[in-house]
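The values are calculated or read from the model by the stated rules, or taken from the named source; none is laboratory data. Computed from a prediction, not measured in an experiment: that's the story for all the values here. With ideal geometry, Cβ positions are generated from the backbone for all residues, glycine too; neighbour counts draw on all protein chains shown. To get the accessible areas, we keep the full protein, side chains included, count just its heavy atoms, and leave off ligands, DNA and RNA. Shrake-Rupley method; radii C 1.70, N 1.55, O 1.52, S 1.80 Å.
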Amino acid sequence: MISRGDILMLGISAGVSGALIGGLMLFAGMVLITSGANVGWLLLLPAAPCGAVIGWLMGRRLAAQLPPQ
């Protein structure tokens, strides 16, 4: 059974890791774009969805621990 603590830790860990990954991709993309390299757009545009995918994967892993109904 999943407890409130598990859900709380899911939210905290998904938020922190998503922000780290998305923020690093955003930073690297902005640095490349401002220096004139168009390849930076390949890091900048998917930064937010990549950060969200991490939380989605963590949620799926936690939901897999539920007993079948």
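Annotations for the structure displayed:
- Taking each DSSP H run with n ≥ 4 as -39500 (n - 2.57) and averaging over every residue of the chain yields -25500 deg cm²/dmol at 222 nm.
- Accessible surface of the chain, 1.4 Å probe, proportion on carbon and sulfur as whole %: 74 percent
- Of the listed residues S17, S3, the order by accessible area with a 1.4 Å probe, largest first, is S3, S17.
- Summarising the label geometry, the points placed 7 Å from Cα in the beta-carbon direction at F27 and C50 lie 1.3 nm from one another.
- In this structure the stretch 4-55 gives 66 Å² per residue of accessible area when probed at 1.4 Å with all protein chains present.
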